[in-house]
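Report on one structure; see the data block that follows.
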Amino acid sequence: FADLDQELSDFLVLTSVPDSFTPRLASRLIGGAPAAGLIEQLIRLNVLISRNRDEPGWYHYHPLLREFLYARLKERGDAAVESLEKVTAEWFAAEQEHRLALTHATRSHDAQSMSLILRQCGMQLVLMGHACEVISATAGLPHSVLAEPSVQLLIASARLARGDASTAAALLESSPPWPGDEGSAAVRQWRKGLELHIAVRRGGLTDALDRLELALDEV
């Protein structure tokens with residue numbers, strides 16, 4: 001590592017944040033400069049490894065080397081680490097890699113980034129069976145974000161997916177239907193769906209249908 005020039009050593013340190021990366025992600029991590037040439041140099045030096053034949057264009061470091069590089073990155077301070085974690089989270093979110101996006105957003109300790117990723121990916125993660133990760137991530141959000149109706153619905157969805165219908169119901173009761181910007185048709189349908197799922201789990205489906213003014217054929 002000490003024998004490498006500054007450009008290569010910086011590349012190694014800055015790209016140690018994700019487990020693996022593409023040239024496009026590497027370019028984002030190093031500030032927008034082209035990454036392909038540096039990747040080719042590191043492959044020739046046997047430093048960088050292609051992930052596998054089924055996914056060409058993805059690269060990673062040996063786990064021990066990555067651990068060393070990430071420790072070097074931490075020496076630059078928390079702000080440097082958290083900024084790169086945020087960049088990585090946003091890149092994976094754009095690529096529909098929801099779980100990786102949430103993992104890096106949580107590591108960034110950036111409430112705004114975590115909130116954004118949860119809005120983009122949270123419900124998909126719940127449906128994919130990662131409700132626990134969503135619940136853990138929401139625990140790190142500030143109270144002002146947690147109080148938002150859409151975030152309350154996401155937490156209720158995650159709790160319901162974990163089999164905790166009572167907590168999900170309590171969350172809905174504490175966040176009554178709202179007027180204004182967040183009362184979109186999609187969010188209203190989301191809430192109705194949650195109330196119906198809770199009624200199926202806890203009983204009272206007929207009352208729920210009457211209250212929501214829904215007919216069974218509509219549902």
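Hey, what's the chain come to in accessible area per residue, 1.4 Å probe, Å²? Intermediate values should be presented prior to the final figure.
Working: 12170 Å² over 219 residues.
Normalised by residue count, the accessible surface of the chain is 56 Å².
Nearest 0.05, what FRET efficiency do Gln6 and His109 give at R0 = 35 Å with Cβ-Cβ as r? Display every interim value, and only then the final one.
Working: r = 28 Å, r/R0 = 0.81.
The pair Gln6/His109 has a calculated efficiency of 0.80.
Round to a whole number: what % of the accessible area of the chain belongs to carbon and sulfur, probe 1.4 Å? All intermediate terms of the calculation are to be shown ahead of the outcome.
Working: 6320 of 12170 Å².
Reported share for carbon and sulfur atoms: 52 percent.
Taking the Cβ-Cβ separation of Leu214 and Ser174 as r and a Förster radius of 25 Å, what is the calculated FRET efficiency to the nearest 0.05? Working shown, then result.
Values: r = 23 Å, r/R0 = 0.90.
That gives a FRET efficiency of 0.65.
When semi-axes √(5λ) of the Cα gyration tensor in Å is calculated directly from the model, which label among [x] 38, 20, 14; [y] 44, 17, 14; [z] 35, 19, 15 fits?
The calculated read-out lines up with [y].
Give me the number: length gained by fully extending Met128 to Ser144, i.e. 0.36 nm times residue separation minus the C-alpha to C-alpha distance, one decimal in nm.
Working: separation 16, 0.36 × 16 = 5.76 nm, distance 2.72 nm.
My answer for the length gained is 3.0 nm.
With an 8 Å Cα cut-off and a minimum separation of 6 or more residues, compute the relative contact order for the range 1-110 in percent.
23
Rounded if a/c is under 1.5, else prolate if a/b is larger than b/c, else oblate: which is the range 89-208, with a ≥ b ≥ c the root eigenvalues of its Cα gyration tensor?
Values: a/c = 1.99, a/b = 1.64, b/c = 1.21.
Prolate shape, in that a/c is at least 1.5 and a/b is the bigger ratio.
What is the Cα radius of gyration of the range 1-106 over 2.2 N^0.38 Å, N being its residue count? Mind showing how you got there, number by number?
Details: Rg = 13.0 Å, N = 106, 2.2 N^0.38 = 12.9 Å.
Normalised Cα radius of gyration, the range 1-106: 1.01.
Work through the residues other than Asp110 whose Cβ is under 13 Å from its Cβ and net out their charges, Lys, Arg +1 and Asp, Glu -1. Numbers along the way, then the final one.
Values: positive: Lys86, Arg107; negative: Asp78, Glu82, Glu85, Glu90.
The answer is -2.
Once phi is turned into ³J(HN,Hα) by the Karplus curve 6.51 cos²θ - 1.76 cosθ + 1.60 with θ = phi - 60°, what whole-Hz value does each residue of the range 121-129 show in order, with x for glycine and proline?
Per residue, the Karplus-derived 3J(HN,Hα) values read 10, x, 5, 4, 5, 4, 5, 8, x Hz.
Which ³J(HN,Hα) values in Hz, rounded to whole numbers, follow from the phi angles of the range 135-150 under the Karplus curve 6.51 cos²θ - 1.76 cosθ + 1.60, where θ = phi - 60° and Gly and Pro get x?
Once rounded to whole Hz, the list reads 4, 4, 5, 5, 5, x, 8, x, 4, 4, 6, 4, 7, 5, x, 5.
Taking R0 as 25 Å, what's the FRET efficiency between Ala186 and Glu95 from their Cβ-Cβ distance, rounded to 0.05? If you can, show how the numbers build up before the last one.
On the way: r = 23 Å, r/R0 = 0.92.
After rounding to 0.05, the efficiency reads 0.60.
Just to be sure I follow the definition: excluding the sites themselves, where is the longest run in the chain that has none of the GluC sites (Glu not before Pro) in a DSSP loop with at most 10 other Cβ atoms within 10 Å?
Values: sites that count: Glu75, Glu213, Glu218.
Segment 76-212 is the longest.
Against the longest principal axis of the chain, how steep is helix 185-202, in degrees 0 to 90 to the nearest 10, with axes from Cα atoms?
Helix 185-202 sits at roughly 70 degrees to that axis.
Over the range 78-219, calculate the relative contact order: mean separation of alpha carbon pairs under 8 Å at least 6 apart, over the residue count, as a percent. Working shown, then result.
Working: 137 pairs, mean separation 20.8, N = 142.
After rounding, I find 15 percent.
The values are calculated or read from the model by the stated rules, or taken from the named source; none is laboratory data. Just so it is clear, the model here is predicted, and its values are computed rather than measured. Positions of Cβ are backbone-derived with ideal geometry, glycine not excepted, and every protein chain shown enters the neighbour counts. Areas reflect the complete protein model, heavy atoms only, side chains present, ligands, DNA and RNA absent. Shrake-Rupley method; radii C 1.70, N 1.55, O 1.52, S 1.80 Å.
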